[in-house]
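The values are calculated or read from the model by the stated rules, or taken from the named source; none is laboratory data. Bear in mind that the values here come from a model prediction, so they are computed numbers and not experimental data. Here the Cβ positions follow ideal geometry from the backbone for every residue, glycine too, while neighbour counts run over all protein chains shown. All accessible areas refer to the heavy atoms of the entire protein, side chains included, with ligands and DNA or RNA removed. Shrake-Rupley method; radii C 1.70, N 1.55, O 1.52, S 1.80 Å.
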Amino acid sequence: MNDNPELVRAWIDLSGLVSGEYAVEVKISVDASPVRVLYVEPAQIQVKLENLVQREYTVQVVENGQLPLGYKKDTAQVEPSKVSVSGSESQMARVAGVRVIQDISGGY
C-alpha cells in the first residue's frame, strides 16, 4: 500500500469570485487506483474574500522619556519618511497611521 500524501489532493476554486462571502465546494482528486471517493467532509467551506488595499502613510516620530541633563534636543527625522502599507479592507480600516517611538531618556 502506498501512503504517499501527494496522491490525494483537496482544493477550492476561487477564480471568478469578487469580494464577498461564499460557500465553496471542496474538490478532491485521487491519483491512485482502485480508489473511489465516497464522500467529502466538509463538502463546502465558508470563505470571505476582501479587496487588497494599499495606502501610503507619513511616519510620525513619538519621543518617549526626558533628555539627560546637559543634552539638547533637535528635530527628529526618520528615513524613509513615508511607507506603504497593504492588507485586506477590514484590516486596513484599523490602521490609523505609522509611528516610530524614540526613547530619548538615554537609558539602555
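Summary table
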{"read-out": "Neighbour net charge for S84 - beta-carbon separation under 14 angstrom, K R +1, D E -1", "value": "+1"}
{"read-out": "Helix-only [θ]222 nm of the chain, DSSP H runs n ≥ 4, -39500 (n - 2.57) each, per residue, nearest 500", "value": "-500 deg cm²/dmol"}
{"read-out": "Check: the chain dipole with +1 on Lys, Arg Cβ and -1 on Asp, Glu Cβ, in debye", "value": "380 debye"}
{"read-out": "Sparse-neighbour loop sites [trypsin sites (Lys or Arg not before Pro); the stretch 1-99; at most 13 other C-beta within 10 Å; DSSP]", "value": "R36, K72, K73, R94"}
{"read-out": "Heavy-atom surface of the chain, accessible at 1.4 Å and reported per residue (Å²)", "value": "86 Å²"}
{"read-out": "Within-14-Å neighbourhood charge of D13 [Cβ basis; K, R +1; D, E -1]", "value": "+1"}
{"read-out": "Hydrodynamic radius (Kirkwood) for the stretch 66-107, which is based on Cα pairs only, to one decimal in Å", "value": "13.5 Å"}
{"read-out": "Rounded percent of accessible protein surface that carbon and sulfur make up, the stretch 42-108, 1.4 Å probe", "value": "48 percent"}
{"read-out": "Label corresponding to semi-axes √(5λ) of the Cα gyration tensor in Å when calculated from the structure given, among (i) 54, 19, 11; (ii) 56, 11, 9; (iii) 22, 20, 14", "value": "(i)"}
{"read-out": "Set of lysines with alpha-carbon distance to K82 below 27 Å, sequence-local pairs under 8 removed", "value": "K72, K73"}
{"read-out": "Positive-pole candidate from T75, A32, Q44, dipole of the stretch 25-106, charges at beta carbon", "value": "T75"}
